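Student: Input: one structure, supplied below.
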Amino acid sequence: MPKQSATRVLIIEDEHADTQKTITIFHRLGLEIQSKSSVWSARNLLEEIAEGERPAPHLMVLDLGFNDESGFAILRYWKSTSALAKIPIIVWTQMGDLDRHIANLFQVSAVVQKSHGLEALEKELKRVIAGLT
C-alpha cells in the first residue's frame, strides 16, 4: 500500500461546500488532493492521465449530479479506458436508488449517499485506501 501521504485523491464535485467537506477528510487522512468542479474539466484531466501526461490518482471520489452534465459520463470514460479502469472510484452522491444501482453496475468501489454523512464517506475512503497495493 502506498504511504497515505503519497496517496493522491481526485474529487470530481461541482458543489463547493461538498468539496470543502471532503477536503477536510482528505487532510485528516494525510492525502494529496486534486479537485475538478465540472465533468468537462475532469474529463480533460483524465485524458491527460490516460495519455501519461499527468500522474494518476490512487483513487477518485465522484459526484453523479452536476448542474449541466452527468457524472455518468466520467464513469463511462473511466470504465472504457484501460489506463483508468484500475483506479478505484467512490461515488458520493445525492442521487436516487436507480442512479446508485447503475453506478454499482460500473463496478465502482463504493456508492455512498451524501445523506449518510461524512463518516460513511470516511469509512469507505479508509477501506479503499487499505486495499491499494
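Student: So which trypsin sites (Lys or Arg not before Pro) in segment 46-133 end up in coil per DSSP with only 12 or fewer other C-beta atoms within 10 Å?
Tutor: Here the trypsin sites (Lys or Arg not before Pro) that fit, given the DSSP loop and packing criteria, are K86.
Student: Residue separation times 0.36 nm, minus the C-alpha to C-alpha distance between S38 and A6: what's the value?
Tutor: This chain segment gains 9.0 nm when fully extended.
Student: Take the Cβ-Cβ distance between E51 and H116 as r, set R0 to 35 Å, and report the resulting FRET efficiency rounded to the nearest 0.05.
Tutor: It comes to 0.45.
Student: State, to one decimal in nm, how far the label point of Q107 lies from the label point of Q94, with both points 7 Å from Cα in the Cβ direction.
Tutor: The two pseudo-label positions are separated by 3.2 nm.
Student: Nearest 500 deg cm²/dmol is fine: what mean residue ellipticity at 222 nm does the chain get from its DSSP H runs of n ≥ 4 alone, each adding -39,500 (n - 2.57), divided by its residue count?
Tutor: The helix-only estimate for the chain comes to -13000 deg cm²/dmol at 222 nm.
Student: Turning to a different aspect of this structure: Using only alpha carbon positions, build the gyration tensor of segment 14-117, then give the equivalent ellipsoid semi-axes as the square roots of 5 times its eigenvalues, largest first, whole angstrom.
Tutor: Each semi-axis is √(5λ); the values are 20, 17, 13 Å.
Student: Using a simple charge model, +1 on the beta-carbon of Lys and Arg, -1 on the beta-carbon of Asp and Glu, nothing else, what dipole does segment 14-117 show about its Cα centre, in debye to the nearest 20?
Tutor: Using Cβ point charges on Lys, Arg, Asp and Glu, segment 14-117 gives about 340 debye.
Only the coordinates and a few stated rules stand behind these numbers; no lab work does. Remember, it's a predicted structure, so these values are computed and weren't measured experimentally. Note that each Cβ is placed from the backbone with ideal geometry, even for glycine, and that neighbours are counted across all protein chains shown.
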